[in-house]
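Working notes, beginning with the structure itself.
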Amino acid sequence: MLTVPAYAAKNATDPLEPTTIVRRDLGPRDVLIEIKYAGICHSDIHTARSEWGPANYPIVVGHEIAGVVAEVGAEVDKHALGDRVGVGCLVDSCRECASCQQGLEQYCLNGNIGTYGSTGRDGEPTAGGYSTHIVVDQDFVLRIPEGIELDVAAPLLCAGITLYSPLNHWNAGPGKKVAIIGLGGLGHMGVQIAHAMGAEVTVLSQSLKKQEDGLRLGADHYHATSDPDTFTELAGTFDLIVNTVSANLDLDDYLGLLAVDGTLVEVGAPEHPMPVMAFSLMGGRKSLAGSGIGGIPETQEMLDFCAEHGLAAVVEVIGADKINEAWDRVVGSDVRYRFVIDTSTLS
Ligand code: NAP
Ligand code: ZN
């Protein structure tokens, strides 16, 4: 077993603190990864603050992991010492159910094992990327292509795949009008990916403060949702809207922006339920859908797509001493566009 430095939440309200955690001994199919960078996802905050139900404290979060293979088990054949690799939100699944058979491990019918907040096969709680090392079964370790630096690769493992998967599934591409609500960690990847897929992309942000960035990332249009005219001007416009917002929105307002047969996909996961009027869906045969991260094959496809199109996250790299401040800034929508922890500062 390996004892390694980490940052943990001890309860729902106090700041995270330095600690140590134990990583399991390498099994024959396990990979030991020296984590170089860990992205800060809003889900880390929802989880550690028990906004999605009570967390099991102490908890070490982080599911946007980029690093280098430091050791491999005897039967490992997919990864080698020194390889640049990533781990996202999943570290295992049943591998047998209909979802797993299709590479949709995120929808494992028997319950997948999350990178943090789950119970691992060894019966111990899983602990995430705010640490220096992690041991993961080789099948849940992704290859980071040449050409994407590790710091800007880390956020692809959650933010990247969470937007790639719905954009891919609902066929964002030439001739499609796509809107992304919220220009945060997920949203800024969504704009880049939808643009690279060939769609006409609109950002719906609370204000115009980040308009220049949004257009630079590939948006064709940018609107402030604080301006009521936005909702009249854009009524009936979009084939696909992806909502990345971490707080409750009035979904009826946004469903009004869909074209006939359009789909609004919820990827944001706010603490509280969001009501919807049936009429908002009926008037235009509209769909309200959800999408959760992506499976392992699609995550690799996304990484390769990003490399091919020169896409990566826009990051602010921070030391461990800035994690709590960064969390406050994420909650205040003051992130441009992903905080990434340099894990060498944890020890
Ligand atoms: P983030 O970086 O905080 O981005 C969220 C953005 O939403 C903000 O930057 C802001 O953009 C907008 N926003 C925040 N509060 C708002 C409010 N009160 N009203 C309107 N807009 C608001 O968060 P993230 O890491 O991208 O995650 C976003 C959400 O997705 C979280 O709930 C997270 O848990 C969830 N998530 C889901 C999945 C999945 O698999 N479905 C995966 C990862 C994360 P503007 O300033 O541009 O308005
Ligand atoms: Zn995440």
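Coordinate-derived values only; no laboratory data. Source: prediction; values computed, not measured. Here Cβ is always computed from backbone atoms with ideal geometry, including for glycine, and neighbour counts include all displayed protein chains.
So if I place +1 on the C-beta of Lys and Arg and -1 on the C-beta of Asp and Glu, and nothing else carries charge, what would the dipole magnitude of the chain be about its Cα centre? I want it in debye, nearest 20.
About 160 debye.
Please tell me the relative contact order of region 93-142 in percent, rounded to the nearest whole number, where contacts are Cα pairs under 8 Å and at least six residues apart. Please report the intermediate quantities before stating the final value.
Values: 47 pairs, mean separation 10.6, N = 50.
Relative contact order, region 93-142: 21 percent.
Across region 281-297, in residue order, what do the Karplus-derived ³J(HN,Hα) couplings come to in whole Hz, using 6.51 cos²θ - 1.76 cosθ + 1.60 with θ = phi - 60° and x for Gly and Pro?
Calculated HN-Hα couplings, in order: 8, 5, x, x, 6, 8, 10, 10, 10, x, 8, x, 5, x, x, 5, x Hz.
Gap in Å between the Cα centre of region 210-252 and the Cα centre of region 37-70?
Rounded to whole Å, the Cα centres lie 28 Å apart.
List 306, 108 from most exposed to least, where exposure is judged by having the fewest other Cβ atoms within 10 Å.
Details: 306 26, 108 20.
Exposure proxy ranking, most exposed first: 108, 306.
Past 29 Å, Cα to Cα: identify those pairs from 10/78; 177/210; 10/36; 177/322, in the order given.
Over 29 Å apart, Cα to Cα: 10/78; 177/322.
Using Cα pairs under 8 angstrom and six or more residues apart, how large is the relative contact order of the chain, in percent?
About 18 percent, as a whole number.
For a quick protection proxy, order the peptides 228-238, 170-180 by their average other-Cβ count within 10 Å, most packed first.
My ranking of the peptides, most packed first, is 170-180, 228-238.
Just rank 100, 89, fewest to most, by other beta-carbon atoms within 10 angstrom.
Details: 100 20, 89 27.
So the residues, fewest neighbours to most, are 100, 89.
Which order results if 1, 197 are arranged by neighbouring Cβ count within 10 Å, fewest first?
Details: 1 9, 197 19.
Ascending Cβ contact count within 10 Å gives the list 1, 197.
Apply the Karplus curve 6.51 cos²θ - 1.76 cosθ + 1.60, θ = phi - 60°, to the phi angles in region 2-10 and return the couplings in whole Hz, x for Gly and Pro.
So the Karplus estimates, Gly and Pro as x, are 10, 9, 10, x, 7, 10, 10, 8, 8 Hz.
Any chance you could give the angle, 0 to 90 degrees and rounded to 10, that helix 159-169 forms with the longest Cα principal axis of the chain?
Orientation of helix 159-169: about 50 degrees from the principal axis.
Sequence neighbours fewer than 8 away in the same chain don't count; with that in mind, list the lysines whose C-alpha is under 23 Å from residue 176.
286
As a test of the formula, what do you get for the chain when each DSSP H run with n ≥ 4 contributes -39,500 (n - 2.57) and the sum is divided by the residue count, at 222 nm and rounded to the nearest 500 deg cm²/dmol? Each step should come with its number before you reach the end.
Values: 11 runs with 82 residues, N = 347.
So the calculated ellipticity at 222 nm is -6000 deg cm²/dmol.
Pairs of alpha-carbon atoms within less than 8 angstrom and 6+ residues apart define the contacts here; what relative contact order does region 59-102 have, in percent? Could you put the intermediate results ahead of the total?
Numbers: 40 pairs, mean separation 16.1, N = 44.
Reported as a whole number, the value is 37 percent.
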